[in-house]
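All remarks here apply to the structure that follows.
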Amino acid sequence: MSDTELVLRSTRVITTEGARAASVAVSAGTITAVLPYDAAVPSGARLEDLGDDVLLPGLVDTHVHVNDPGRTAWEGFWTATRAAAAGGITTLVDMPLNSLPPTTTVEHLRTKRQVAADKAHIDVGFWGGALPGNLEDLRPLHDAGVFGFKAFLSPSGVDEFPPLDQDRLARSLAEIAGFDGLLIVHAEDPHHLDAALRRGGPRYADFLAGRPRAAEDAAVASLVAQAERLHARVHVLHLSSGDALPLIAAAKARGVRVTVETCPHYLTLTAEEVPDGASEFKCCPPIREAANQDLLWQALADGTIDCVVTDHSPSTADLKTGDFATAWGGISGLQLSLAAVWTEARRRGHGLEDVVRWMSTRTAALVGLDRKGAIEAGRDADFAVLAPDETFTVDPAALQHRNPVTAYAGRTLNGVVKSTWLRGERVFADGGFTEPKGRLLTRGH
Ligand SMILES: [Zn+2]
């Protein structure tokens, strides 16, 4: 232990064996040991005594739209990674769409990495995209280090990222299964969406009726069937429909290689409380009724839903108009996700250990980041320091993402992130940031 440089001591450390008082030894950016609380601090090491603030592994958010380059009026690596750091997130994986170019070829991936390199306040990885016509790009993108491939079954919202029909989905999935890659899918069935009553205007009830649960349920069912047939790995993005849960649970029980995420807004906001005209609540699939939300929480508790990610998907404020048909669909949750989920989780009787499992351990496992997602020897010294009982009221002006539109404005949340650490360095504390110290991550490294 003579090379220990830093010891973080807290009365509550969320370790892989649960919460306990401990001292965490760090050397060269790596956790070297989780020691008893009162372990002697090696000479030459710096002690950081966190008191009763909780030491968590930094969160790993595998669903973020950074939009850089190309739509940097919406967001960018500088602002997104600062918002993430302020929210206790130490790794994000960027979605392949809404940037220009989208991450659908190795050349485009190279462009994205160049843009991100000197702006990343936290570690950043990349998803690739599976489009009609880029089948031959999937293997090279996999070899270049993307964590998997995103596909849509219905229109994505941007013309340069078209959806796959069932036939193309099958061919892309077969190709990806050939190198044991991961396909992640926005699962809303286009035929069900076309058949639903689509009415524009400011009424949330009309918007909700246009994005029915049945569209998600049908898409999830067909995806599960394809995965089962090909023995392929698939991941259901941002599940909102509780009605899809029984078929997912049954598929998992049969050994189908399917994982599922949901998002803070589906877990903490309800359709009943969305005011008409409040398109800051618009996202696809939509925020549904309170009774549906209970099903999502139940599924997190029983493991049918694996993890919670933000789907941070911002736009400029002017695209968030009061008409639900034309407003940009997306909720910007990076900075508030931990507090939002923790506030509702504790109300429902869950502990911080559960939140860490959903938002760090399992997301890291989803993308194979075995140095992330837990406080144990050998992992990166990435931490969030949280005052779990402190409250704050969400002030949009205090948010770090580029366009501080938020569905959480005015809400009082539990859990204040005091500091965020990346490989043993404090990169965020008390509203301030260091220079960017994030690295660009590739699958398997
Ligand atoms: Zn998304």
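At-a-glance table
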item	result
Residue list for segment 286-320, filter: of a type in the set (Asp, Glu), in a loop (DSSP other than H, G, I, E, B) and away from the ligand (no atom under 16 Å from the Cβ)	GLU289, ASP306
Answer residue from segment 165-208, given it is outside any helix (DSSP H, G or I) and either within 16 Å of the ligand (Cβ to nearest atom) or of a type in the set (Phe, Trp, Tyr) (or both) and is surrounded by the most Cβ atoms within 10 Å (Cβ to Cβ) among those	ALA187
Meets criteria (touching a residue at least 60 places away in the same chain (Cβ under 8 Å) and either touching a Phe, Trp or Tyr at 6+ places or on another chain (Cβ under 9 Å) or under 23 Å from VAL236 (Cα atoms) (or both)) for THR316	yes
Within segment 42-87, considering residues that are of a type in the set (Ser, Thr, Tyr) and under 23 Å from ARG362 (Cα atoms), the one farthest from the ligand (Cβ to nearest atom)	THR81
Given (1) out of contact with any helix residue (DSSP H, G or I) (no Cβ under 9 Å at 6 or more places or on another chain); (2) closer than 26 Å to VAL146 by Cα, number of the condition LEU164 does not satisfy	(1)
Search result, residues across segment 324-342 that are out of contact with any helix residue (DSSP H, G or I) (no Cβ under 7 Å at 6 or more places or on another chain), more than 16 Å from the ligand (Cβ to nearest atom) and more than 19 Å from THR81 (Cβ to Cβ)	ALA325, THR326
Search result, residues across segment 98-119 that are in contact with a Lys or Arg (Cβ under 7 Å, 6 or more places away or on another chain) and either free of Cβ contacts under 8 Å to residues at least 12 places away in the same chain or surrounded by fewer than 24 Cβ atoms within 10 Å (Cβ to Cβ) (or both)	LEU100
Of all residues in segment 272-294 being of a type in the set (A, V, I, L, M, F, W, C) and buried (at least 18 other Cβ atoms within 10 Å of the Cβ), the one that is nearest to GLY242 (Cα to Cα)	ILE287
Test: residue in segment 209-217 that is within 16 Å of the ligand (Cβ to nearest atom) and acidic (Asp, Glu)	yes
Residues located in segment 224-246, provided they are in a helix (DSSP H, G or I) and under 17 Å from CYS307 (Cβ atoms)	GLY242, ALA244, LEU245
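Every residue, every condition in (1) of a type outside the set (Ser, Thr, Tyr); (2) surrounded by fewer than 24 Cβ atoms within 10 Å (Cβ to Cβ); (3) on the phi > 0 side of the Ramachandran plot, yes or no:
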residue: ALA19; (1), (2), (3): yes, yes, no
residue: VAL26; (1), (2), (3): yes, no, no
residue: TYR37; (1), (2), (3): no, yes, no
residue: GLY51; (1), (2), (3): yes, yes, yes
residue: VAL66; (1), (2), (3): yes, no, no
residue: ARG71; (1), (2), (3): yes, yes, no
residue: ALA80; (1), (2), (3): yes, no, no
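The numbers here are math on the coordinates, done by the rules we state, and not lab data. Not measured: the values here are computed from a predicted model. Here Cβ is always computed from backbone atoms with ideal geometry, including for glycine, and neighbour counts include all displayed protein chains.
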